[in-house]
Every structure is written in structure tokens, then in C-alpha cells.
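Visitor: Take this structure first; my questions come after.
The values are calculated or read from the model by the stated rules, or taken from the named source; none is laboratory data. Keep in mind it's a predicted model, so treat the numbers as computed, not measured. Note that we place each Cβ from the backbone using ideal geometry, even for glycine, and neighbour counts take in every protein chain shown.
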Amino acid sequence: MNIIIDVMSGDNAPDEILKGAFLALEEYGHSITLVGKNEIINRYTYENGFDISRGEISVVNADDVITMEDDPFAIKNKKDSSMTVALKLLADSKGDALVSAGNTAALYTGGVIYASRIKGLRKAALATFLPFEKPLLLIDAGANIAVNEDILEQFAVMGSVYVSRMLGIEAPRVGLLNNGTEHTKGNDILRSAHKRLTKNTKINFIGNTEAKSLPYGVCDVLVTDGFSGNIVLKLTEGLCGYMFKKLKDIYAKNPVTKLSGAIIRPELKEMKKVFNASEYGGAPLLGVSRPIIKAHGSSDATAIKNAVRVAAAYCEYDIIAEIAKLT
């Protein structure tokens, strides 16, 4: 299996992206195509002792970069950007999946343009696992601000398929994000979506779900629009970071708390790993006809390595074909 990696996109590009690519190569053994500026890739690999002459690695030059500030159509205007070149390689079957930590809107636009949507789907969506003790898939995590009840229903089906295949859950519980659990809550779109999801026999719909219930494993798939979903995602990430900072401050307060912190350090490390978004790797762009994994913009090497793992599993489980069967 060959994974295409957009080397130049992301807050920590290219160093962390390249480091993560080589970590993935060593751990998972998939071949990798690195897309970016040749001179930068060659210099980095030489300085860090990586051998790009190995048969499992290929390099495709791309002289331009789509920044986080660029608008979505930079994917068309910057034809020699690493993201655009990587998407074209994927569309031309020069790789099995693509990993990028770049501009979300540009990647979404490029995915639809170059890979196209699965027939029957109106929108693609970002699906990401929230870092709770029991993984919860959030769909949409930021791709679509405006949706209707039909689109939310399609999100529910796609998310259910993804969780079922990736986590081995036979009938994932699907919740609809709302400001109350009653079926009368929310705006017209949410009330209509509730009716449609209730009647849909392809999913295990449990009803409206409040944000306060999410950490307690109330559902396996949370369906919402990209605006609300992105707020939930970023609030969750911020709260996790804040919580561990406060714990660190508490245990560093005096000799007694330092001692108690040392005693439970293994448990704290395990807890931190559970709530670390880097462990989940990346968010698939569900609904497009080729595997595209969006890694977090601030991804470090570990996150990129895990994004490669997610990309490979996405291919191996043939999730795109499974979604196409139900749409």
C-alpha cells in the first residue's frame, strides 16, 4: 500500500511531517510518496540520517504551498502546491490514500474537485474522534457550515459505517447534537432531521444528544453541522489541555502533592494518552471517492504517523465501498 503525504502543509511542516512519515514507514511498513520541495526534503533527510533511496520511499516535487490563510480555491490557483499535486496523484491512482495537515477548506474543496463525491451524496464531511475514554466520532467536524436534514441524515449513515468498520461496533449508537434531548428541541432543520433519523433503518438512532453528555459515552456517533461540530471539537481539545495543566499545577504545589503525583504518575500518563488527540491520527473526509485523511493543523510527528495508520485502515476496510452501498 502506498500513502501519499503532503509534506509542506501544516503548522509544523515540513520537519514534523517528514519525521512522522519515517516513523510510519518503520512501524507500519507501507510505501510512502512524499510531496513537497525536493531541496527541503533532501536536506532534511540528509541532516537526520534518513535514506530516501530506499524503495519504499518516493519523492514528487511541488514548489508552492497552500497556507492556512489561503481561501479554498487556492487549490485551483496554486496548481504546483504540495496539496494540489498530492490530490492529483491520488486522483490518478498514483497512491492509495492521502494524508495532509493543511488548510481544511482547501483540502475539502480539492477532495471534491479531484476525487469527486460518492454517487448519491450531497456533501462530504470531516469525521474525527473526540479524545474521550470511549472514542466518539464527531461528524461534521468543520467542513460544512450550512446543512439541511437530508445532509445530516447522510452524515449519520456515513459516520455509522465508519465507526462500525474501524471500531468493530455492530450497531453504533447515533446521536443528533441538540440543546435538549426532547424531540421538539432545536430549529426546524434539527426537528426535521430527528424525524428522518428516527425512521432510518440503516442506523441505530438514539435521539437528541446534549453536549454535556458527550464525555460519558452516551453515543458512538455524533451528528451535527460543521460549524457546531468544530466548536465542540476545539472546546474539547482546549478543556483537555486545561485540565492536564491544572493537574500538573496541583501536583507541583508542595512536597506532599509532588509525592502523591509521583505515586500515580503511571495512571496520569495513561490518562493523558487517552485524551491526546494525536493518538487518533486524523479525520477522514467521508463522502469522497478516494481516501483522504485530514491531520490536525498542529500535528506533530506522532499524529502524522497515526494518520498514516488511519489512512491504511480506511483502505483495508474498504469504507468507501461500504458507504456507497448505503447511499
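Visitor: Any residue at all in the range 119-133 that is in a helix (DSSP H, G or I) and crowded, with 21+ Cβ neighbours inside 10 Å?
Guide: Within the range 119-133 (the criterion being in a helix (DSSP H, G or I) and crowded, with 21+ Cβ neighbours inside 10 Å), the answer is no, since none of the residues qualifies.
Visitor: Taking the stated definitions as given, is Val218 of a type outside the set (Lys, Arg) and either over 30 Å from Leu326 (Cα atoms) or touching a Gly at 6+ places or on another chain (Cβ under 7 Å) (or both)?
Guide: yes
Visitor: Can you pull out the residues in the range 66-81 that are in contact with a strand residue (DSSP E or B) (Cβ under 6 Å, 6 or more places away or on another chain) and surrounded by 14 or more Cβ atoms within 10 Å (Cβ to Cβ)?
Guide: Ile66, Lys78, Ser81
Visitor: Please verify whether the range 231-244 includes one or more residues that are surrounded by fewer than 21 Cβ atoms within 10 Å (Cβ to Cβ), more than 22 Å from the chain's Cα centre (by Cα), at pLDDT 95 or above and of a type outside the set (A, V, I, L, M).
Guide: no
Visitor: If you don't mind, another one. Given the options Glu153, Glu133, name the one that is in contact with a Pro (Cβ under 9 Å, 6 or more places away or on another chain), of a type in the set (Asp, Glu) and farther than 15 Å from Asn230 by Cα.
Guide: Glu133 is the lone residue from the list that is in contact with a Pro (Cβ under 9 Å, 6 or more places away or on another chain), of a type in the set (Asp, Glu) and farther than 15 Å from Asn230 by Cα.
Visitor: Of the residues that make up the range 179-197, is at least one closer than 22 Å to Leu126 by Cβ and either in contact with a His (Cβ under 6 Å, 6 or more places away or on another chain) or β-branched (Val, Ile, Thr) (or both)?
Guide: The answer is yes; a qualifying residue exists.
Visitor: Given the conditions (1) under 19 Å from the mean Cα position of the chain (by Cα); (2) buried (at least 18 other Cβ atoms within 10 Å of the Cβ), which single one is not true for Ala62?
Guide: Here Ala62 clears every test but (1).
Visitor: Among the listed residues Asp80, Asp11, Asp15, identify the single one that is farther than 30 Å from Asp318 by Cβ and either touching a residue at least 60 places away in the same chain (Cβ under 8 Å) or small (Gly, Ala, Ser) (or both).
Guide: Just a single option satisfies the conditions, and that option is Asp11.
Visitor: Something else: Working only within the range 208-219, note down all residues that are small (Gly, Ala, Ser) and surrounded by 18 or more Cβ atoms within 10 Å (Cβ to Cβ).
Guide: Correct list: empty.
Visitor: Evaluate the range 248-267: report whether one residue or more is on the phi > 0 side of the Ramachandran plot and modelled with pLDDT of 85 or more.
Guide: no
Visitor: For the list (1) at pLDDT 90 or above; (2) assigned to a loop (DSSP other than H, G, I, E, B), I need the number of the one condition that Ile52 fails.
Guide: Only one criterion is unmet by Ile52, namely (1).
Visitor: Another one. In the range 173-190, what residues are crowded, with 18+ Cβ neighbours inside 10 Å and part of a helix (DSSP H, G or I)?
Guide: The one that is crowded, with 18+ Cβ neighbours inside 10 Å and part of a helix (DSSP H, G or I): Leu190.
Visitor: Tell me, which helices (runs of 4 or more DSSP H) lie completely within the range 238-327 with 2 or more residues that are in contact (Cβ under 8 Å) with a residue 24 or more places away in the chain?
Guide: 265-274, 301-316, 319-325
Visitor: Next up: Just the residues that are over 17 Å from Asp51 (Cα atoms) and assigned to a strand (DSSP E or B), please, taken from the range 4-36.
Guide: Within the range 4-36, Ile4, Asp6 meet the criteria.
Visitor: Sticking with this structure for a sec: Just need a number here: residues in the range 134-172 that are among the small types (Gly, Ala, Ser), buried (at least 24 other Cβ atoms within 10 Å of the Cβ) and assigned to a helix (DSSP H, G or I).
Guide: Summing the residues that are among the small types (Gly, Ala, Ser), buried (at least 24 other Cβ atoms within 10 Å of the Cβ) and assigned to a helix (DSSP H, G or I) in the range 134-172 gives 3.
Visitor: Do any residues in the range 129-148 that are assigned by TED's automatic domain parsing to the domain that holds Gly175 and more than 15 Å from Glu210 (Cα to Cα) have Cβ atoms under 6 Å from those of residues that are at pLDDT 90 or above and of a type in the set (D, E, K, R), where the two are at least six apart or on different chains, and which pairs are they?
Guide: Asn144/Lys123; Val147/Asp225
Visitor: Continuing with this model, one more query. In the range 276-295, is there at least one residue being closer than 24 Å to Glu27 by Cβ, among the aromatic types (Phe, Trp, Tyr), more than 13 Å from the chain's Cα centre (by Cα) and modelled with pLDDT under 95?
Guide: Scanning the range 276-295 turns up no residue that is closer than 24 Å to Glu27 by Cβ, among the aromatic types (Phe, Trp, Tyr), more than 13 Å from the chain's Cα centre (by Cα) and modelled with pLDDT under 95.
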